[in-house]
Structure formats: structure tokens, C-alpha cells
Amino acid sequence: MTSRRKQAAPKTPEPSPASPAARPPAVGLKNLAQHLGLSVASVSRVLSGAPAAKSIPDVTQKRILAAAAAMNYRPNVLARSLRKQQSMTIGVMTPEVSEGYATLVLTGIEQRLLEANYVYFLVSHHHHAEMIERCQQMLLERAVDGLIAIDTPLTRRSSVPTVTVSGHHEPEGVTNIVLDHHRAATLAVDHLAALGHRDIAFIKGQRFSSDTDARWDGIRHAVSAAGLRISPQLVARLEGDLPTHDPGYTATRKLLASGKKFTALFAFNDVSAIGAIRALREAGLRVPQDVSVVGFDDVQSAAYQNPALTTVRQPLRKMGVLAASQVLEQIAQSLSPPLQQIVVSPELVIRESTCPRT
């Protein structure tokens, strides 16, 4: 007879503490407070990081936090929203999301909102007026507590606190975070003039951009103050709504085709400046030896271009933080302030794309 050995059944491995099977079912605030023998209010203050938690002894705070982790505490966000009549969400509108301007502003907005335990809905309207109206309505229908509009013209005031970034024609009751464009233009023009440049070309922004008119007014003022003049042949405008280098490339080809010589170029933004450098090189011109180039915004890639881009830096992240802080403050106060502007200062960042006129 052939004997058979009975094989032992494989052992089920013990779940590790980090595995989902090892974690206890999530508990709510009331159960956690009962377990600790503390009031719901005290536990809530500690877990939410409320200022009133400072009055609770450190040893008690540590005990609450340890128990919350051990018992897999999960806050009931929906119940809290209903109780406070707040959704803890902000609606954000922007023309588009790309490597340039809007991304850095969004970084600041996100940073500040997360600190306040808020999240945001983001919609892009691509500068279409009907989409702006539709996006605004869609966000309001989702019960957002406030709105932030980036480079977005608003024609009417919303029913919730609203803050704009680079808005210039805000409805009454809307706070605008805006750059000092006259100062920005003066920094760029004076820098080029100090390097000996007299024939300066300019690339204006698209007609739909909120900053176009304000920045152009600043440029005209700065050019006049420097004792220079703007040649109509040396002014080109960005066309189209693509957030790429192509509009700057095309605008610079038009400047070159005019036949009017220039030794410096001030572009509407860094993205268009990078496109301009490509067009200049294709025309056999060196940057900066033949043509110095100045951008605007100081996007993340500006310092890594070849050559590294001289630019006027907008504190875009700071502008995002300010916008989020303003809308949160208005939500907390349950009122809208009168129309106001918060003006931030630019900074000239000198890199390798500008040099003295040769």
C-alpha cells in the first residue's frame, strides 16, 4: 500500500497593522468622545485644530489624537456641512490650465484652501463669454461657499463671496488682487534703456486678456518717462487663445517682416517671449547679442531657457494665497466688503536674455 500524507492547509497570513483588514471600522465623533469620556465639543476642537483647542491640556490633546488614529476616526463632512450650512468648497474659474500664469496662481490658492480644510472645483472657460456665465452658474448650483476668478471678466456679482485675480472691471462687492502694472512696465523699460536700447519692439496681449490694457497703459507711460517713443511698426499683438509658444512666435515674425530694426523686445508674457526667441534665431539673430528679450510672469521654466529669460516677476503664488485668504475671510464674516483692490508689487529678474546694446 502506498501511504498518503495529508497536506496541511496553508496558513492565512496575519494582516499587518498597515493593511486594510487590520484597521477597525471607522468611528464618528460621538463614539470617539464616549470612548475617551470627554465632551464632543472638546474632541472636535482638538481634531479640527480650532484656536479654542489651546485651552485643552497637551496630555489630553495627545490622548485624543492617539485614540482617533487607533479607532480609525473619520469626520462626517456631510453632517458638518449641513450643520454649518457650508459645503467647504470654493469654485475657481480660469481661462485654461497650462505651464504659465494660471498654474502658479492655482498653486497658491490650493495651498491656502487646504490649510483651511477646503477643497475647490476648477473649471476652464477658454475666454468664451457664454462659458464664463455657464461655469459661474454651474459652480453656484454645486453650493460652493465662494468663487475665485482668475483672468476672468465677470459681468455680474455672484450670490457668494467672490474674489478676482487680475480682474480690472469687477462688479460691485468683488475684491480684486492685481499687479502694479505701471511699476512692472517701468522696471522692464528702464532696464532696457539703461542697457542703451532705443529701438524696442513690443508684443501686446490678446484682446480678451484682463491684463492687456492695464499693461499697455503702463508701457506707454514708462516709454514716455524714459524719453523714448513707440514705433507703430514695432508693436504686434498676440492672436488666438492657445496657451503655447506659437502666438509669440507668430507675432515676432510679423515684427521682423515689417523691416523696422529693433535691438530689444518686451513680450507680454514668458510663454510668448520663448516663442519670440525661436523666431529671432530662425531669422539669424542672436539673443541677447543682437536682440535682448524681456518676458513677464517668471514662470517656472523661465530660468531654464537658453538663454535664461530676463523677466518681470509677478508674485503669482502669493496672489493665489491672497485670493483664497480674502474669500475665506468673507465667508467667515458672512458679508461682502465694498469694491476694493489689493495691489501687489512686481520684481525685475535679470538673467541672460538681455545685454548692453552692441
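Brief remarks follow.
- Test set (1) open to solvent by less than 40 Å² (accessible area, probe 1.4 Å); (2) at pLDDT 90 or above; (3) under 27 Å from Thr244 (Cβ atoms) - Val163 fails condition number: (3)
- Residue in segment 91-126 that is farthest from Gly167 (Cα to Cα), counting only those that are β-branched (Val, Ile, Thr) and in a strand (DSSP E or B): Val119
- Note on segment 232-284: residues that are closer than 19 Å to Glu352 by Cβ, crowded, with 24+ Cβ neighbours inside 10 Å and either polar (S, T, N, Q) or touching a strand residue (DSSP E or B) at 6+ places or on another chain (Cβ under 7 Å) (or both) total 12.
- Cβ-Cβ contacts under 6 Å between residues 6 or more apart (or on different chains), taken from a first residue in segment 42-68 that is farther than 11 Å from Leu32 by Cβ to a second residue that is open to solvent by 90 Å² or more (accessible area, probe 1.4 Å) and not aromatic (Phe, Trp, Tyr), are listed as Ala52/Arg45; Ala53/Arg45.
- Screening the candidates Val349, Val291, Val299 for the property of being modelled with pLDDT under 95 and surrounded by 13 or more Cβ atoms within 10 Å (Cβ to Cβ) yields one hit, Val299.
- Checking Gly205, Gly167 one by one, the residue that is touching a strand residue (DSSP E or B) at 6+ places or on another chain (Cβ under 8 Å) and within 30 Å of Glu329 (Cα to Cα) is Gly167 and no other.
- Considering segment 309-331, and only residues there that are open to solvent by less than 10 Å² (accessible area, probe 1.4 Å) and of a type outside the set (Val, Ile, Thr), the residue that is farthest from Ala276 (Cα to Cα) turns out to be Gln330.
- Options Ala184, Ala149, Ala201, Ala193; residue that is crowded, with 24+ Cβ neighbours inside 10 Å, assigned to a helix (DSSP H, G or I) and hydrophobic (A, V, I, L, M, F, W, C): Ala184
- Residues (within 25 Å of the chain's Cα centre (by Cα) and under 15 Å from Asp190 (Cα atoms)) located in segment 217-228: Gly218, Ile219
- Neighbours by Cβ (under 8 Å, 6+ apart or cross-chain): first from segment 214-240, touching a residue at least 60 places away in the same chain (Cβ under 8 Å) and over 13 Å from Asp199 (Cβ atoms); second open to solvent by less than 40 Å² (accessible area, probe 1.4 Å) and of a type outside the set (Lys, Arg): Arg215/His181; Arg215/Ala184; Arg215/Ala185; Arg215/Gly205; Arg215/Phe268; Arg215/Phe296
- In segment 26-38, of all residues being part of a helix (DSSP H, G or I) and in contact (Cβ under 8 Å) with a residue 40 or more places away in the chain, the one that is surrounded by the fewest Cβ atoms within 10 Å (Cβ to Cβ) corresponds to Asn31.
- Complete set of residues in segment 39-76 that are modelled with pLDDT of 80 or more, open to solvent by 50 Å² or more (accessible area, probe 1.4 Å) and part of a loop (DSSP other than H, G, I, E, B): Ser39, Pro57
- Restricting attention to segment 191-213, the residues being without any contact (Cβ under 8 Å) to a residue 60 or more places away in the chain and of a type in the set (A, V, I, L, M, F, W, C) number 2.
The values are calculated or read from the model by the stated rules, or taken from the named source; none is laboratory data. Just so it is clear, the structure is predicted and the values come from calculations on it, not from any experiment. Counting neighbours? That spans all protein chains shown, and the Cβs are built from the backbone with ideal geometry, glycine included. All accessible areas refer to the heavy atoms of the entire protein, side chains included, with ligands and DNA or RNA removed. Shrake-Rupley method; radii C 1.70, N 1.55, O 1.52, S 1.80 Å.
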